[in-house]
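One structure below.
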């Protein structure tokens, strides 16, 4: 090894200026850059030639590959922990754990035959795809699209309403969708097995991690229903596995496997974000790993700048451009499939709605120009803005004047209708059929009367409820008789005075005549008294923002001829941006209600409380989402243990303690491989502490996957360390029995707790007669 | 610029004739007594300029300016020793302001209700504003010292100090009774003392100076955190830097294991233990000073209230501790959100049909009522016995006992059944049982579960015990839902029976607040008894830690409803100073004070940050390729100075993006201070390393002089808005409106 890299090294300065010779050197096959760390080289050996001969002790492969002809070093002394890894290779165990995993996930898959928990949402959304009706959800579309696809392929016809948990499926074919989720959920086990194997090169670590996931009741339960989580976790683990794989191909950059794993990482990343925005955390993990990787490459002076550029571009392409392209494709498919009007329309702008078949804006034919006496709805132009709305409720005491509320409302509703009236005359003559139609023109002073309550849109110098800088907007007057504060000047952006006002296309601004403020929607959600609708204010700051602009959406005037309008169809990027804005707003709107008991992130790792998937009473078939407590507490303890071990290792190294080769290898695994997994755990767990939205127990499961892999690696390392301290035969026994004991513990605890996932009937565990009573170790568990 | 003064005090010769001991005593006088004083004239000059600049005409305007109206009320409360809770931060800052008031002999009698109100004669304006102004002035020499300790030239240090000196926003903020300048002072002090300590580390560890600066770091950190929670981020930054340095120390193999351990322990003591202890002591002083009950009592638990003089303590003193069968009690919800309230019932029943068409049981309403009322009284009854008085000796109620709760005035039983609650249809209705002779039996048995029990046989105690009431038949839990009932329920708060009791939530916990042993068996007598006040004596003293924990928790979780302010802004507006705050406006003369920074300084600071980051990245990547553009020493200096300044800026700025509270421009000032310190760092680096020959160096210097003069000019231009005088005309004001978005108050006559 020495000599290979040094011969290529140029003086630093010239290296940068004359990259040419280096390029030549770098691409010579067989010539590799210096290994950064011992482990990396061997990981590569494992990855790129997985079937190269039987493995005799994964650790032995750690030796860097030598150029031919160099005399081999004396083989290392026999290891205490060799036996577990010698025979059978890695494929037989892989097949075994995969089999177990599938068996555990598919066991009693069809039970219970009714809607469980969030199946009511995601099953319903799958149906929407099959029926091609447009809906709105806070998550990106991929997961639900896949569910829909699985349902479609397995013969589900999309007719089941999924109204509420507990509804029986009857003759509807739901197994296809559950089976799809269970399939993806089962793949987590082989993925984690391969990941840990790749990272630690230890069969027993991989088996330990795999058995934790196989026998965790929480993972089983979460995989058995029509939910987004198994899909998310599939892509997430896929991304981690392919990331680890391409890292271990690092010594053969630009080879076929390298490209394969790199682009597969990108594909999985796109999948992960496409299912839920939580996928961003794994993007962050891969991103940090890539930055570290590039940093290492940059420090390798044997690589020319051109090669570095190639490395950079390859990653930009595979990890940024490819996922972005795939992600947008998902949305393109989403919008192409959902072309019928449905329950989600009102969340989107008028232009967006005109795309949807069946929406009243699709191939719309309405009177083109506004006239006095027209009945209209007005939609705010900000992203996810609502319709101008009013209802019979008053502003509460202490919030401005006690007059009728005016809000912005996202749903279509009769209370969104307003009548345009002249400011100085009252209604009758507009309705009179003999009276000629008079159009509203830019610059006219008008009065807007709420159709249902006959109150006028009104503003005055009281503070608005949320945005204290603005004025309050109310409904005022009885049967259209109000005061001078009901007068508004209607203007169209970018048009001259005297022009008519068009439906949909004109961007309208309503200026309050008395105070000069402009009608707008602040985008803030009102508290309970306002039914959590959006605040409408009159802003004294004259700014050209979409908040203060409106368009007329519905327009009813029997006296005017209907004209078919080809509304400006929005372009794809606009749709994409708009739907993201709507999703973000939706997500931040999921706030916990006051005095409601919510799950807190610190509950999760200690398995403090589960989620009731199905069944409440004693006679019901009950399923309870709760991690296998033994496994989860083992994971928790391991995190502490890991930190302790890492601290000892790095302090020892920093203090210059001379480690034996064996210990060096162990600490290498602990620091680099364990570090990556630990980082993954942190990234998937800590951000939840800062989230304001409603949190649930199942949000922890991605982090739990990392935690389980960490457990495998840490205990394996610890046992190896202990075994290494003892004499050969004793050490071997300690290592073998230690691993076996851990696995038996996991299997036994699964035996105890398996009814949680596979269903319980009979008295609740709080009842001392229940068979599960002895297992209610924490008072907060309710099964 | 250093002058050395040698002062010869006294030279005396032996005169003889004096007795021996005296001679020996005077022996030392044989030598001339020499006091050598080194005075850094720079430092003195800067301090003087700072003082002049910050203290000049300090008591003008003699009116309440901006947030003085907020802090002032706390100063008044300190003067009157009345307890309060302020969710904006820990008490040390308020205490410092109050100390100013104490020095000025303020009696606390001023109504802090309106910005712009004239101060009455009893308010010592000057001394109230003195401490912030002093700390603001001292920031100037601190900035100088910091750059010197970072091994930058005195010239660069001087520039840094002058930039701080001529920063309008810092001046405005420190001349008023506000806390930002105090915070900045402690932050800078912490940084300076850490740097001093670190520079001593190499040559003389464990000397007195070393200890002094190390301890001062910890003390200054805790003071910064004690003034405002923003200080926490700088503390974290310092801890991180200290962590990195300790890590190098561990790697230093010339040190023995023991000495490394000593080093680490010393740091742990000074940077962790002492700050925590100091922080606790702030609260100790705070709670010791404020012993009287006051306007914020309601927020605290009954136990806490009982520990204050007056208020609840007066009522609860002398109450029997243990709740017994026959006790008359009021039950207060422990969470008390949206407002503190007591379990309540009254004659009125639930309407037969609600607005949405659902039906009710039409039984007597049970609500939570936020005011003291005779209808809040309940009697604890043993289901097995008829009597409503306490037997002799009293039989205490223990954890797990089953009781009935009888409403005192109407003598109806607290009841729940399988009927949906009025506003929360997923939960059970709670009512007082009225027997309508229909097939709806009374289900009035409740199990008492003491949540904070020590053993399973604990007795239910007044004030101290937090209790859940679990319904025996349906295992529903008595809970405050937080919704308020419509007109028929008099807008009182809804009480429900939560069926799926997921874990413990404070809204399900109740504690007994007022308590007495019932004596009258007859209803009429009992009513009289209920109306009469409870008898008196014995106070319940909470330990300091319990009070501290509760107060701290309340400070952190208290949410102010007000989320909007006319001058609130978003963090993005701050970098470019797109916003200002009008602090004060004289209604007649039109004189005004604004929080507006020195535009040029802000812009230069931004440019400096940008240049620093670009250069840093450039050097970093090049060094990774083993190309060294600057010598190793310069690089280390560049990294440490930048890490401190850019890091300080980042930790004091970025967290605001995730904060959900109302934000103002002044929140940016600590970050800005760090950014200003970065300007001379970048400038010196540019002159030293990028201007290689003499000509560009000269040009650069000339440019610097021009730039600095303009900084001064901008300061002068805006100083009328900073100091509030002289009064400007409308045209002049309009000329000062350099940005469209600034809100300068121009009167139109």
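The values are calculated or read from the model by the stated rules, or taken from the named source; none is laboratory data. Note that the structure is a prediction, hence the values are computed from the model and not measured. Please note: Cβ atoms are built from the backbone with ideal geometry, for glycine as well, and neighbour counts cover all protein chains shown.
What to note about this one:
- Condition check for residue A:169 on (1) out of contact with any helix residue (DSSP H, G or I) (no Cβ under 8 Å at 6 or more places or on another chain); (2) surrounded by 24 or more Cβ atoms within 10 Å (Cβ to Cβ): one failure, at (2).
- Considering the conditions (1) outside any strand (DSSP E or B); (2) at pLDDT 80 or above; (3) away from chain A (no Cβ under 14 Å), residue B:537 is excluded by exactly one of them, (2).
- Within segment B:108-154, the residues that satisfy the criterion of being out of contact with any helix residue (DSSP H, G or I) (no Cβ under 6 Å at 6 or more places or on another chain), farther than 22 Å from residue B:39 by Cα and either buried (at least 22 other Cβ atoms within 10 Å of the Cβ) or touching a residue at least 60 places away in the same chain (Cβ under 8 Å) (or both) are B:116, B:123, B:125, B:126, B:129.
- Residue in segment A:726-734 that is away from chain B (no Cβ under 14 Å), out of contact with any helix residue (DSSP H, G or I) (no Cβ under 7 Å at 6 or more places or on another chain) and not in a helix (DSSP H, G or I) present: yes
- All positions within segment B:351-376 that are in contact with a helix residue (DSSP H, G or I) (Cβ under 8 Å, 6 or more places away or on another chain), modelled with pLDDT under 90 and not in a helix (DSSP H, G or I): B:351, B:369
Condition check ((1) assigned to a loop (DSSP other than H, G, I, E, B); (2) under 30 Å from residue A:772 (Cβ atoms)) across all residues:
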{"site": "A:607", "(1), (2)": "yes, yes"}
{"site": "A:639", "(1), (2)": "no, yes"}
{"site": "A:662", "(1), (2)": "no, no"}
{"site": "A:665", "(1), (2)": "no, no"}
{"site": "A:680", "(1), (2)": "no, no"}
{"site": "A:685", "(1), (2)": "no, yes"}
{"site": "A:694", "(1), (2)": "yes, yes"}
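- Filtered residues of segment A:107-117 (kept if surrounded by fewer than 19 Cβ atoms within 10 Å (Cβ to Cβ), touching a helix residue (DSSP H, G or I) at 6+ places or on another chain (Cβ under 9 Å) and on the phi < 0 side of the Ramachandran plot): A:107, A:109, A:110, A:111
- Some residue of segment B:580-591 being over 32 Å from the mean Cα position of the chain (by Cα), within 14 Å of chain A (Cβ to nearest Cβ) and modelled with pLDDT of 85 or more: no
- Test result for residue B:263, within 14 Å of another protein chain (Cβ to nearest Cβ), surrounded by fewer than 16 Cβ atoms within 10 Å (Cβ to Cβ) and at negative phi: no
- Helices (runs of 4 or more DSSP H) completely within segment A:321-434 that count 2 or more residues being modelled with pLDDT of 85 or more: A:322-337
- Among helices (runs of 4 or more DSSP H) entirely within segment B:105-210, having at least 3 residues that are closer than 30 Å to residue B:259 by Cβ singles out B:125-149, B:180-203.
- Of all residues in segment B:326-350 being part of a loop (DSSP other than H, G, I, E, B) and within 14 Å of chain A (Cβ to nearest Cβ), the one that is modelled with the highest pLDDT: B:341
- Test: residue in segment B:290-305 that is within 14 Å of chain A (Cβ to nearest Cβ), within 30 Å of residue B:236 (Cβ to Cβ) and either part of a helix (DSSP H, G or I) or in contact with a strand residue (DSSP E or B) (Cβ under 9 Å, 6 or more places away or on another chain) (or both): no
- Scanning segment B:639-670 for residues that are buried (at least 23 other Cβ atoms within 10 Å of the Cβ) and without any contact (Cβ under 8 Å) to a residue 40 or more places away in the chain yields a total of 1.
- Residue check for residue A:644: loosely packed, with under 15 Cβ neighbours inside 10 Å, under 33 Å from the mean Cα position of the chain (by Cα), part of a helix (DSSP H, G or I) and within 14 Å of chain B (Cβ to nearest Cβ): no
- Residue B:620 vs. criteria within 14 Å of chain A (Cβ to nearest Cβ), assigned to a helix (DSSP H, G or I), modelled with pLDDT of 90 or more and out of contact with any helix residue (DSSP H, G or I) (no Cβ under 8 Å at 6 or more places or on another chain): yes
- 1 or more residues over 30 Å from residue B:352 (Cα atoms) and within 14 Å of another protein chain (Cβ to nearest Cβ): qualifying strands (runs of 3 or more DSSP E) within segment B:434-519: B:446-450
- The condition of being within 14 Å of chain A (Cβ to nearest Cβ) and free of Cβ contacts under 8 Å to residues at least 24 places away in the same chain does not hold for residue B:636.
- Against the criterion of being under 30 Å from residue B:653 (Cα atoms) and either surrounded by fewer than 16 Cβ atoms within 10 Å (Cβ to Cβ) or at pLDDT below 95 (or both), residue B:269 qualifies.
- Test result for residue B:572, part of a helix (DSSP H, G or I), modelled with pLDDT of 85 or more and either within 24 Å of residue B:91 (Cα to Cα) or within 14 Å of another protein chain (Cβ to nearest Cβ) (or both): no
- Every test in (1) at pLDDT below 85; (2) more than 30 Å from residue B:547 (Cβ to Cβ); (3) not in a helix (DSSP H, G or I) is passed by residue B:88 save one, and that test is (2).
Each row is one residue, and each column tells you yes or no for (1) within 14 Å of chain B (Cβ to nearest Cβ); (2) touching a strand residue (DSSP E or B) at 6+ places or on another chain (Cβ under 6 Å).
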position: A:447; (1), (2): no, yes
position: A:456; (1), (2): no, yes
position: A:466; (1), (2): yes, yes
position: A:478; (1), (2): no, no
position: A:483; (1), (2): no, no
position: A:495; (1), (2): no, no
position: A:528; (1), (2): yes, no
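- Filter result for the condition that a residue is part of a strand (DSSP E or B) and either at positive phi or away from chain B (no Cβ under 14 Å) (or both), over A:491, A:535: A:491
- Filtered by the rule that a residue be more than 9 Å from chain A (Cβ to nearest Cβ) and in a helix (DSSP H, G or I), segment B:249-259 gives B:249, B:258, B:259.
- Residue check for residue A:301: surrounded by fewer than 19 Cβ atoms within 10 Å (Cβ to Cβ), more than 29 Å from residue A:144 (Cα to Cα) and within 14 Å of chain B (Cβ to nearest Cβ): no
- Residue satisfying condition, being surrounded by 14 or more Cβ atoms within 10 Å (Cβ to Cβ) and either more than 30 Å from residue B:683 (Cβ to Cβ) or modelled with pLDDT of 90 or more (or both), within set B:729, B:719, B:709: B:719
- Residue match in segment A:283-294 (condition: touching a residue at least 12 places away in the same chain (Cβ under 8 Å), assigned to a helix (DSSP H, G or I), farther than 18 Å from residue A:237 by Cα and within 14 Å of chain B (Cβ to nearest Cβ)): yes
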